[in-house]
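First up is the structure itself, then whatever we jot down about it.
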Amino acid sequence: MSAKEILITDFGRCRPASGIRELPERGKWVVYPYETPEFTGRMITAAAFENPPDLTLDLNARDLFDIYIVSVAEKISIKN
């Protein structure tokens, strides 16, 4: 990772917090901890039929950045 890259690994801090749970719950996102050789983090997941709420993640960024998101979903929506 270069000095200009920002790696966001904690998606458990998305808002609204009421939409995220530690254990599976109908209509909510579930947060799971993960670990790689380089870093640790928390990912979120939900089944499409669960219809979880839209989430927001504050990036605390002031410049222009390229944003890359890894998703297994068929469709994601990015709003600015």
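Please figure out what share of the DSSP beta bridges in the chain is antiparallel and state it in percent, rounded to the nearest 5.
Antiparallel bridges make up about 70 percent of those DSSP assigns within the chain.
Could you grab the relative contact order for the chain? Cα pairs under 8 Å, six or more apart, rounded to a whole percent.
Worked out over the chain, it gives 26 percent.
What are the extents of the Cα atoms of the chain along their three principal axes, in Å, largest first?
Principal-axis extents of the Cα atoms in the chain, largest first: 40, 31, 24 Å.
Per-residue HN-Hα couplings for the range 57-64, Karplus 6.51 cos²θ - 1.76 cosθ + 1.60 at θ = phi - 60°, whole Hz, x for Gly and Pro?
With coefficients 6.51, -1.76 and 1.60, one gets 10, 6, 8, 6, 10, 10, 9, 7 Hz.
Got a sec to turn the phi values of the range 17-22 into Karplus ³J(HN,Hα) couplings, 6.51 cos²θ - 1.76 cosθ + 1.60 with θ = phi - 60°, whole Hz, x for Gly and Pro?
3J(HN,Hα) across the range 17-22, in whole Hz: 4, 5, x, 10, 10, 7.
Rank by packing, highest mean first: peptides 55-64, 15-24, with packing defined as the count of other Cβ atoms within 10 Å averaged across residues.
Highest-to-lowest ranking by the protection proxy: 15-24, 55-64.
About its Cα centre, how strong a charge dipole does the chain have in debye, to the nearest 20, once Lys and Arg get +1 and Asp and Glu get -1 at the Cβ?
The calculated dipole for the chain is roughly 260 debye.
We did not get these values from a lab; they are worked out from the coordinates using the rules stated. Note that this is a predicted model, so its numbers are computed, not measured. For neighbour counting, all protein chains shown are included, and Cβ atoms are generated from backbone atoms with ideal geometry for every residue, glycine included.
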